[in-house]
Every structure is written in C-alpha cells, then in structure tokens.
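The values are calculated or read from the model by the stated rules, or taken from the named source; none is laboratory data. What you see is a predicted model, and the numbers here were worked out from it, not measured in a lab. Every residue, glycine as well, gets a Cβ built from its backbone with ideal geometry; the counts of neighbours run over all protein chains shown.
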Amino acid sequence: MDVLLLPLVNGLTQAAVLFMIAAGLTLIYGVLGVINFAHGSFVMLGSYLTMFFFVGKFDTVLGLFSFIFISSVVITLLGWAVEVLVMRRMYKANEFYMVLATYAILLIIEGCVEKYWGASPLSLPLPDSLNTTISIFGISVPFYSILICIIGIAVMGILWFLMNHTNLGRIIRAAAADKTMTNSLGVNVPALFTVVFVIGIFLAAFAGGLLAPTVALLPNMGVNLVIQAFVVVVVGGLGNIKGALLSAVLVGVLDSFLGFYIPVLTGITSYIVMAVILTIRPQGLLGKVG
Amino acid sequence: MKKFGMKSLILFFMLALVLSGCASKETATSKNGSSSSKDNPAKSKESTNGDTIKIGFIGALSGSVGAVGQDMKKGGELAVEMINEKGGINGKKVELVSKDTKGNPKDGIQAVRDLTQQGVKLFTGVVSSGVALAIPPVLEQENAIVMTTAAGADEITGKNFNRHVFRVSDNAYMRNTSAANLFYKKYPNLNNWANFSPDYAYGHASWDAFNNQMKKINPKYKVVKDSWPKFGATDYKNEIASILAAKPDAVFSSLYSADAITMSKQAKPYDFFKQIGLFVLNSNEGDISSALGKDMHPEWSGVHYYAEAYDNALNKEFVERFKQKFGAEPNGYNSETYVSIFAYKQAMEKSNSMDTDTLIKTLEGMKFDSVTGQREFRKEDHQAIKDIVWVKVEPDNSDKGWKVTEIEIVPGAEVMPPLN
C-alpha cells in the first residue's frame, strides 16, 4: 500500500503547486496572448519575500500563512506595475518581442534578488507545529504536504467559481474567445488585461510562498518551475485552465511514480509525458484545434 | 483564441536553455585600479612582462553554484591584497582578474581563452569538475597552468592527468576513503549503510570511494539502500521515505549546497535524522548549516578547511584578515583559493621565474606551508597531499542554531589514491 500511496501524495503536492503556477501562465496566455517568461521569477520572489517577512517573527502557522498572503499582495502590486509600465506597450508588437520583454523582466528580478539576498541558497524554517507527519493508512505523510494539497484544491475551487459564476469570469472567457468582439461590446479590454495579468501573478507568488518552507531558496529557482509549469500548460492545452488542472495532476503524479519506480528517469519524466500526449493530441488534452 | 504561437514557443525553450547558465559576468579585480586591461589586451600583455603578475580566477560566479565561486574568489582577493602589501612577488605587483565559467565547460574554455588574451598564464579556482576536465587542452595550447581549488573528480589528477593542472585541495577518493576509515573506527557498530547522493559523476565518485573502502575494512558492512536523486532536484520525499523504510544505521550523502538544504528540510517532518544513528555529508563548508540555522540536523561534515581546526601562525593571520575584510569567519572555499595563490608565490620566488615550464617543474614535488599545515604537490599526479578535515555539527539553542562539537583530522598521506 505504502509504495502506491507515497508517490501519489508527493505527486499530488507537486501537482497543487504546479497547477497554481500553470493556471496563471495559461490564463495570461489565453487572454493576453503572451507567454510570460517572467512568471517563474514571481514565484521565486514569493518565496524570498515570505522568508524576508517571516524569519524571526511570529514563528507560528498563522504567521506563516499571513506572510505568504502579504507577500503575494505586495508582488501582485509589482505585477500590476509591470503590466502597466511594460506589458501594455508590447501587446501590439511581434510575439517575439513579448517573450523577450518578459525574459528581460525575469533577468531584472533575478538580478535584484541576487543583489539583495546574495547567490547562496537560503532557507525558511517551517514552524515546528507543521514540521510533523500524519499517518494515512499506516504510512507517514508530511502534514505540510497535505496542507498544500488542500490549499491547491481550494484555489482551484475559487478559480472555478470566479471563471464560471462571476461577471468578471464571463468577460475573461469572452475576451479569450474574441478580443475584438469583446472590445466592441463595450468591455474595457486594456483594464481586463491588467486584471488577468495580476491574477496570474498573485497565483504565482502565492505558490512561491507555499513552496518556500520546503526547498532551498535560490535566485534562479523559478526557472525550473516555470519550465515544468509550461509543460503542464502545453499538455493541458494552451489557454485552458481545466486542461492545466488535468495535466498538472497527470504530470505531477506520473513524475512522482516514474521517479519512484524508475529513478533513472527522474527529471525527464514530465518531458516524456509531454512528448507522448502531444503526439496523440497535438492541441493538448483539452485544447481546441486551431 | 490566438493561434498556437510556435515561434514564441521555440524562443521560449531556447531562452530556457540559455537561462540554465544565466547571464555572464565579467569582473576585473584590481588593487591598483588598472581596469584598462580588458579594453587594451596588447598593452596588458606587455604589463605582465613588466611590473604586474596577473593571476586568473575562473569559477562559477553565477548560477546554482555561483555562491561557491564567489566565496572562492574572496580568498583569492585577500591573498593578492596581502601579497601586495608586502611588496608583491619578486618585486612585481599581483593582480587577480576573474571570469565567470557559469560552471559549464564551454564557458570555462572561453574564460581561459579570454584571460590568456590578457596575458594571464596562471589560473586558480574552478568549481566544477566538468570545467576542470575540459580546459587542459586550452591550457596546453596557451602554455598556462591551473591550480584547481574545489573540483573533486579523481580523473583530474588521475586518468586525465595533464601536466598543466595541479590540485591544491583534496579529491573524491581522498575525502571519502577517509570517511570510511574514520567512521568505521568511531562507530564500529553501525554496519547497515544507505547512500543518498546526486546522480552524476561527483556523486558516483564519492560513493564508490566510500563504498569500496568500507567493503575492504568492515566485514559486517552492508548497503541497505542505494538512492540516486537527480542533481538539482527539488523533491526528495520519495527517496527519504524509502531510505527510512530500509532502516539503515547510518546514511552517507554527497548532496551539496541547495540540494542538501532542500533534502534536509523535507526530511525533517519524517524525523529522518532521529531515526538514523549517523548522517555523513561529505561536503558542507558550513554553508548548509548556516542556511538551515535552527533547522540544522546533526551530521558529520567533510570540509576543505575549518578555521578552528588549526592553530598555526598562517591560519591565525588568515582568519584575522578575512574577518577584517569580509566580516565573517572564512570557510573552505575561501581558504583553498587563498592557499593556491601563496603556492604560486612560493614557486615563483623559488625559481625566480615566470616561465610556465619552469614553474611546473618547481611546483612538482614542492612542499609548502598553508593554513592547514604543510602540503605537497605529488610529483607524479600533481595532487596535493593535504589533511582531510571532518567536523561534527550538532543543533543547539544559540541564535546560530548549531555548533561544531568535534573535529577530526585525517592526514592526507594515509588516503592518497594509488598511482597508475
């Protein structure tokens, strides 16, 4: 039993974090048409800011989650500034320039973090009360992993509600389907772009904050995450949130299982999953053709 | 919906590849303020033969092991500063010029080429063994020497021996053979070992040396679990749980830097370090302990150098000056590059020459005093015979969160690799 459950829980934890990053990435692509290369650096910034606010103060569970939230809000403001000052000027340009612009943002953020916090790996201690395992069917699972899974499900629920049962969600879906039409119907598309970008950045920063107590913090830690999240986005179908959810779970769990049973594949499993799925369905799991 | 942007996808992945190396940084550290060298290579070439000796520092200054390279460079800077205060080498001022290798062989080769263009013949540093193994052909071509100060692969001074390469620090064979000897002696009842090392050359070389030596000396030795996580992995929970399931008495690991930190954090909820009797991490220059702080676990760490392990005049001076300049106690990355520059100094003064061939001959078999006592470059393979230092780290209630409670020094001569 444990050989099945253990990689499953670890895979789901990974999936929860990947989904939060991928959901923002795919949302931004779907509406703005931009592949946001800088996404990973907002995740990284989420980790660093959480550490910065948290270390040495209010060493409690409440403290940790408050600071993850506060950091995400601060980074969301930064994301807002980036959208208004940089992105907005680029929408009409060739998509090449867009990718390069977001790449430049990534380098700037990474450079600033390295300047301020240094290149050495840093660590944020998890409050003792979270640093335990709970027993599920006789195997120990870190409590914090379970917590991340639960938060992932909650975020998913909120996003689903936002997209399907609010006015904003309807407009976002409309804009993703046809920008010109949406604009001509009186929707302020530039403002909508800002809102969508900011939601994506909030999710990224939040994921970074959640991840912070479980890994070593490095200025370039976002790169691998964004590449993995991007695999998730492509597998799920570009621009499709449901697809991102499905593929985050698929990629996360398969990565964990394959890594557990065939250790030599660790690290490349997500690409194998991507290659197989794109061969069968080039448009991604839930992507539409064309 | 926007059409599938194939071009930007390709660009995205191209940039992703570039990023794994990150942006290049070139810095010229000069105490005389002669930063013109880069703009005018012809002039600087001349100045080498004139009144300045340029020593090139190459190492990963950015990327995932960038912090290691930056630490190493600090040691070099301090050595150069101290040598210049006392009149330089053979009456000439010394200048340290540095170049980022980003830890990859291609950039390493480029770094050597660029600096030799500026008239550098003597190199120090090199974090990655991959770089150390890639640069000898260029060194030969440019008639230059490198003294590696952290790269641990046995081949560098073994199978891939090149007379232009010296290693002032220890290697994987020495470090991990000494671990087997030491921990069998100290903990004779811990026989069931698990391995937890990164799946690449360094991890395998470390484990092979430890494993082979243990098999030789401990008849009851058994490997109950062999785990090889990917280098740079961010999730170790599956491996942690399966190692615990195998119930080892002791765990040997050659994870390092960020990987070791991530592993320790993820192992803590499982009470990993309480369930095993002994955790040996073969490379922790205090960087891992400091990052973990109050989360630090008990372990025996292998180090190049530990400031309090040595009570000699050279070490006292080094520690004092380092604290003055950088406001922190020096670690083994600082010390090895520092030592290498003084080794060059001794060779240049002894031979009163700057000629590469003469310097190689002088360095071969040369004995020199260092912060860790006397060292010697073995003539046949250019490997320094130097002490291996192990420190026992235990968590405590101080602000730092941990302290060193025991120091063990294994003389290098006991664990030198056999010559082919």
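Structural remarks
- Hits in the stretch B:181-194 - residues which are surrounded by fewer than 22 Cβ atoms within 10 Å (Cβ to Cβ) and farther than 21 Å from residue B:408 by Cα: B:192
- Residue check for residue A:205: more than 27 Å from residue A:175 (Cα to Cα) and in a helix (DSSP H, G or I): no
- Taken across the stretch A:235-250, residues that are within 26 Å of residue A:109 (Cβ to Cβ), of a type in the set (A, V, I, L, M, F, W, C) and facing another protein chain (nearest Cβ under 9 Å) do occur, with at least one present.
- The strands (runs of 3 or more DSSP E) falling completely within the stretch B:49-164 that include 1 or more residues that are within 17 Å of the chain's Cα centre (by Cα) and farther than 25 Å from residue B:417 by Cβ map to B:52-59, B:93-100.
Residues are listed down the side, and each one gets a yes or a no for (1) of a type in the set (Phe, Trp, Tyr); (2) closer than 27 Å to residue A:177 by Cα:
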| residue | (1), (2) |
| --- | --- |
| A:38 | no, yes |
| A:51 | no, no |
| A:62 | no, no |
| A:65 | yes, no |
| A:74 | no, no |
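- The residue that is nearest to residue A:252 (Cα to Cα), counting only those in the stretch A:112-156 that are of a type in the set (Gly, Ala, Ser), facing chain B (nearest Cβ under 9 Å) and touching a residue at least 40 places away in the same chain (Cβ under 8 Å), is A:145.
- Taken over the stretch A:257-271, the criterion of being outside any loop (DSSP other than H, G, I, E, B) and either at the interface with chain B (Cβ under 9 Å from one of its Cβ atoms) or more than 21 Å from the chain's Cα centre (by Cα) (or both) is satisfied by A:257, A:258, A:259, A:260, A:261, A:263, A:264, A:265.
- Test: residue in the stretch B:111-133 that is within 28 Å of residue B:389 (Cβ to Cβ), surrounded by fewer than 18 Cβ atoms within 10 Å (Cβ to Cβ) and not assigned by TED's automatic domain parsing to the domain that holds residue B:280: no
- Single unsatisfied condition, residue B:105 versus (1) touching a strand residue (DSSP E or B) at 6+ places or on another chain (Cβ under 6 Å); (2) free of Cβ contacts under 8 Å to residues at least 60 places away in the same chain: (1)
- Residue within the stretch A:211-223 that is part of a helix (DSSP H, G or I) and either among the charged types (D, E, K, R) or over 20 Å from residue A:54 (Cβ atoms) (or both) present: yes
- Residue count for the stretch B:152-161 satisfying the condition of being crowded, with 17+ Cβ neighbours inside 10 Å and either among the polar types (S, T, N, Q) or not assigned by TED's automatic domain parsing to the domain that holds residue B:133 (or both): 1.
- Checking each residue in the stretch B:397-420 for being surrounded by 13 or more Cβ atoms within 10 Å (Cβ to Cβ) and either free of Cβ contacts under 8 Å to residues at least 24 places away in the same chain or of a type in the set (A, V, I, L, M, F, W, C) (or both) picks out B:402, B:403, B:404, B:407, B:409, B:410, B:415, B:416.
- Any hit, the stretch A:275-287, residues being closer than 16 Å to residue A:12 by Cα and within 8 Å of another protein chain (Cβ to nearest Cβ): no
- Exclusive hit being modelled with pLDDT of 85 or more, in a helix (DSSP H, G or I), within 22 Å of residue A:244 (Cβ to Cβ) and out of contact with any Pro (no Cβ under 8 Å at 6 or more places or on another chain), set A:109, A:151: A:151
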